[in-house]
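Only the coordinates and a few stated rules stand behind these numbers; no lab work does. As the structure is a prediction and not an experimental result, all values here were calculated from the model. Note that we place each Cβ from the backbone using ideal geometry, even for glycine, and neighbour counts take in every protein chain shown.
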Amino acid sequence: MSQFFHIHPDNPQARLIKQAAERLRKGEVAVVPTDSAYALVCALENKTGVERIRQIRRLDDKHNFTLLCRDLSEISTFARITNVEFRLLKTHTPGPYTFILNASREVPRRLMHPKRRTIGIRVPQDNVLSALLAELNEPLMSSSLILPGDTLPMTDPWDIESTLGHAVDLIVDGGFRGLEPTTVVDLTDETPVIVRPGAGDPSIFQTE
């Protein structure tokens, strides 16, 4: 059975944040709150963790995983971004957006789209997750917690425990979250493309 951490959504307990970070460093798979819904996460170099998340969600090798980053400087390590893209990211991060960008050589091949060499990256605006990323001092690999056959992500920590308590190592309860995943915006071409509308307002990226 998984561990269940109750972490205050506004004032995360430093002791629990530190424990969660240590468990992720040791190779565990966790469910964490974000500013849109809950997500499955593991450490960036955790190959076994990535495969476990693939199995939970029944994902193929064409799925774009998302790197959860602390800030813009961390994004620039893992993605090749132009000045125009940088200004766009600066304006809309942190927030409930996932940006598909051209991956740098720092991104492990197993996390990229196999043909396009792209990676999804986001900077979440969530107190619990921001504290966890700061404690880790590195990005987390993530995937929205949408189970096979479902169209919406899981949002209730107790439902998550009863459904996935056998499949993950840690569930971080940060309270009930919204029903929408992030808005996904592809920035790999000159014009932004809305891949999936979600919690973030997609209209700000749409041109006439």
Report, in order of residue number, the helices in the chain meeting two criteria: a C-alpha extent of 15 Å or more along the helix axis, and a mean Kyte-Doolittle hydropathy of at least -1.0; treat each whole DSSP H run as one helix. 14-25
What dipole magnitude, in Debye to the nearest 20, does the stretch 3-205 give about its Cα centre under +1 on Lys/Arg Cβ and -1 on Asp/Glu Cβ? 740
Grab the DSSP H runs of the chain that are 4 residues or longer, score each as -39,500 (n - 2.57), total them, divide by all residues and round the 222 nm result to the nearest 500 deg cm²/dmol. -8000 deg cm²/dmol
Which of GLU138, GLU106, GLU85 moves most in a GNM of the chain, Cα contacts under 10 Å? GLU106
Taking the reciprocal of mean 1/r across every pair of different Cα atoms in the chain, the Kirkwood radius in Å is 17.0
Student exercise: in the chain, how many lysine pairs 8 or more apart or on different chains have Cα atoms under 21 Å apart? 5
Based on DSSP, what percent of beta bridges with both residues in the stretch 11-148 are antiparallel, to the nearest 5? 85
